[in-house]
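Some notes on the structure that comes next.
The values are calculated or read from the model by the stated rules, or taken from the named source; none is laboratory data. All of these numbers come straight from a predicted model, not from anything done at the bench. FYI the Cβ positions are ideal-geometry reconstructions off the backbone, even for glycines, and counts take in every protein chain you see. To get the accessible areas, we keep the full protein, side chains included, count just its heavy atoms, and leave off ligands, DNA and RNA. Shrake-Rupley method; radii C 1.70, N 1.55, O 1.52, S 1.80 Å.
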Amino acid sequence: MELRTGDKVRFLNEKGEGIVTRILSNTMVNVAIEEGFEVPVLASDLIRIEPQGMAGRFFDRNVNVELPAGSVIAEERNEKPVKAENASGEDEPDGISPLYRQSGAGVTEGIYLIYAPHDQKWLMTGNLDIYLVNNSRYEAIFSFMLKEEEGVFSGVNFEVIPPYSKMLIETITREDLDSWSEGIVQVIFHSAESMPVLSPLHAAFKIKSVRFYKETSYQEFRLAGLKSVVLNLGDISGQLLISGAEPLMTAVSDPAARQKISAIAPPAYIDRFRTAPREAEVDLHISSLRDDYAEMSNNEILRYQLDFFARMLDSAITNNYYKVTFIHGIGNGSLKSAIVSALADYENVEFRNAPFARFGNGAVDIIIHKGN
């Protein structure tokens with residue numbers, strides 16, 4: 001019997017189901033269970049109850065798991081054991097490997113792009129491994145594109161990343177950084193389980209290569225177990241949730257409604273905070289961004305706030321906003337200092353203290369000038 005990454009399986013000797021996330025050996029696979037953990041399981045103790053489903057066509061690397069002769073599964077399917085292909089203890093050739101879920105508390109569910117030094121002992125020299133991280137319960141069907149020139153992008157990869165897994169996109173040299181510093185990632189979230197439907201993610205990223213030569217840019221990303229430059233491409237949160245999937249399908253079935261819908265651009269993230277035409281106000285207090293912030297360390301809070309700041313500023317620039325007020329609070333000044341430092345990676349933006357009468361010393365205005 002073939003077991004492949006993404007297959008839904010049931011345990012034969014105990015209650016429970018899960019999804020195959022990795023082939024460990026000829027007889028052993030990793031299975032992600034409902035509690036969010038991955039457990040190694042003998043293939044002979046599993047029965048496949050559902051293949052990869054609609055996402056399965058994106059996988060073109062099958063792995064045959066060798067089952068012991070006379071095993072329950074082999075007898076039920078009347079199949080002969082087959083020698084495994086690519087069944088080593090290492091990562092599969094497609095570069096997919098599971099995340100460290102037990103150490104992932106405080107890291108929001110979503111899609112991340114990380115640049116990790118290949119040799120973790122030397123952060124600012126040597127090659128970089130570029131990973132796309134799927135920290136969610138859904139299969140992530142993605143397309144990864146890099147910018148070639150203004151308005152022109154080339155596809156680098158498209159694939160499916162299983163739930164709570166990361167995928168190696170490419171290993172590059174430092175000389176290649178400029179070519180890998182700007183692009184677009186699009187993701188469709190799929191699940192064979194009964195779960196809420198999420199809208200597709202469209203995330204543009206841009207990062208200056210000079211950032212990779214600052215030691216402070218490399219953060220310990222616990223999910224991947226790597227010191228990396230981390231970009232949060234999108235959270236699995238309220239702004240992604242489709243709350244009216246059925247009415248939308250009904251509307252689209254009507255030609256007049258379909259024409260209206262096709263003319264509406266997807267809402268920008270920054271539009272949630274719009275206060276006036278081309279102006280927005282974003283509160284970066286962690287209590288305004290996350291309900292579970294009590295579980296996060298100070299470093300995780302700061303990184304999350306900076307990720308959110310960058311996404312909102314990027315969205316404002318893309319959607320031709322003129323001014324965004326970011327409320328950072330007083331505190332110890334670390335968030336404001338980090339914002340000022342992050343602005344060095346941007347062109348055509350101006351930093352000002354927000355009006356004292358309204359915000360005290362707790363906010364800054366970012367003025368966005370149109371590029372030449």
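Summary table
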quantity	calculated
Segment 345-367 - residue that is open to solvent by 20 Å² or more (accessible area, probe 1.4 Å), in contact (Cβ under 8 Å) with a residue 24 or more places away in the chain and of a type in the set (A, V, I, L, M, F, W, C) and, of those, farthest from residue 303 (Cα to Cα)	359
Where a residue in segment 21-34 is without any contact (Cβ under 8 Å) to a residue 40 or more places away in the chain and its partner, wherever it lies, is among the small types (Gly, Ala, Ser), with Cβ under 6 Å and at least six apart	29/43; 31/18; 33/18
Subset of segment 108-122 [open to solvent by less than 20 Å² (accessible area, probe 1.4 Å) and farther than 29 Å from residue 286 by Cα]	117
Matching residues in segment 184-207 - criterion: being open to solvent by less than 60 Å² (accessible area, probe 1.4 Å) and either at pLDDT below 80 or in a loop (DSSP other than H, G, I, E, B) (or both)	191, 192, 195, 199, 207
Condition met for residue 61 (within 25 Å of residue 192 (Cα to Cα), of a type in the set (Lys, Arg), in a loop (DSSP other than H, G, I, E, B) and modelled with pLDDT of 55 or more)	no
